[in-house]
Amino acid sequence: MNKLIVLIVVLVSFVGILFLDGFKRLTPNNFPVTFEDLKKTHDEKVALITKIEESKEAAPEEEVKVEAPIFKVDLTTDALKKGHDNYSKCIVCHGQLGEGKKSQNAPKIGGQYAWYVTAQLKKFKSKERINAVMDPYISKLSDQDFSDLGEYISKLPW
C-alpha cells in the first residue's frame, strides 16, 4: 500500500513539473496591475453579460420559417387557358415556370415577351430556326396556338 501511495505522489509530482515547466516559457509584460483595474474590468464584463441576457429576455429568438412563394398564372382569358394547356408539353424541357433546364439544353423562357415567343415558335415551324427536339412538339400547333403559348409564357415569372 505504501508503494502505491509513493508511486501516485511521484506521478503527480512529475505531471506537476511538466505543467509548471510551460510557465517558464511565458514572457512577462511587466505592466503594473492594481486590484481596482481588475475589478473595473470585471464589472464591465458583468454589465455587458447582464445587458445581453436582458435583451434575450426582451426579444426571445423565434424560429422563422420562410416558404417559397407559390406562383400561379391567373387564367382569366381563353388564350391563357389554351396556352396553359399547350404548355403542359413544354414543362419537360423548359420547367414548370419556364426556368429552363441545363440538362435538357433548354433555355429560360418564363416572362419572355409574348410577341417574341410567338415569332420564335413560328420560325421553328417554318424551319428558319432548326431544333430537332422541338419539331415533334410544335409541328401540329397552329399560329393561334403559338399566340396562346406566347401569352401564357409571358405571364410566367422572369
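The values are calculated or read from the model by the stated rules, or taken from the named source; none is laboratory data. Keep in mind that what you see is a predicted model, and the values were worked out from it rather than measured. FYI the Cβ positions are ideal-geometry reconstructions off the backbone, even for glycines, and counts take in every protein chain you see.
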Item to check | Every residue from the stretch 125-139 that is surrounded by 14 or more Cβ atoms within 10 Å (Cβ to Cβ) and over 16 Å from Gly100 (Cβ atoms) | outcome: Lys125, Ile138
Checklist entry - within 42 Å of the chain's Cα centre (by Cα) and either modelled with pLDDT of 85 or more or exposed (fewer than 10 other Cβ atoms within 10 Å of the Cβ) (or both): does that describe Glu44? => result yes
Next on the checklist: Quick check on my filter: what residues within the stretch 7-41 are in a helix (DSSP H, G or I), among the polar types (S, T, N, Q) and at pLDDT below 80?
Outcome noted: Ser13
Checklist entry - What are the residues in the stretch 108-141 that are in contact (Cβ under 8 Å) with a residue 24 or more places away in the chain, over 16 Å from Val92 (Cβ atoms) and over 37 Å from the mean Cα position of the chain (by Cα), if any? => result Lys122
